[in-house]
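This report refers to the structure that appears directly beneath it.
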Amino acid sequence: MKPLRTAREAALQVLFQQSFQESRSGQELFNAFADNFEFDNQTRDYDLYLVNGVLENESSINGRIESLSDNWSIDRIAMIDKILLQLGIFELCFSDQTPTPPKICMSDIIDLAKKYSSQESKNFINGILDQIFNQESSAN
């Protein structure tokens, strides 16, 4: 598996764990998670970058999700789907060091949705990320 794809999947798992242990920092959760898996340095660094980036920008990211989720508040979105959206939106809108083209990032997030969520969720996530991508593309 590619290092950045692996980092995205690991970040999903760390952020999911964080949703149940909010009192622990992203760094603490990352360390506990990473102690149980072997990652190369690029994967570890990018995983931690994603976790911290999502946590630091969570309010802004969630605002974007809500603005594009017709008739859905952020609390109604399944936790795994929300985290996948947060990861994708962070990389598309907030990251200054995303090392892959936006479409590859989006494809990885959709593949993770296929693996960890439902067909309906995959379509929902794809729709939101597509809107974000189009907004970002027209802004630049």
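The values are calculated or read from the model by the stated rules, or taken from the named source; none is laboratory data. This is a predicted model, so every value here is computed, not measured. As a convention, Cβ positions derive from the backbone with ideal geometry for all residues, glycine included, and neighbour counts pool all protein chains shown. Note: accessible area is taken over every heavy atom of the protein model, side chains too, but ligands, DNA and RNA are not part of it. Shrake-Rupley method; radii C 1.70, N 1.55, O 1.52, S 1.80 Å.
Every listed requirement among (1) open to solvent by 40 Å² or more (accessible area, probe 1.4 Å); (2) free of Cβ contacts under 8 Å to residues at least 24 places away in the same chain is met by Ile110 save one, (1). Using the structure shown, decide if Phe37 is part of a helix (DSSP H, G or I) and modelled with pLDDT under 85. No; evaluated as a whole, the condition is false for this residue. When you scan the range 45-58, do you find a residue that is assigned to a helix (DSSP H, G or I), open to solvent by 60 Å² or more (accessible area, probe 1.4 Å) and at pLDDT below 90, even just one? There is at least one residue in the range 45-58 that is assigned to a helix (DSSP H, G or I), open to solvent by 60 Å² or more (accessible area, probe 1.4 Å) and at pLDDT below 90. Picking from residues in the range 119-140 that are open to solvent by 40 Å² or more (accessible area, probe 1.4 Å) and in contact (Cβ under 8 Å) with a residue 40 or more places away in the chain, the one that is farthest from Ile61 (Cα to Cα) is Phe124.
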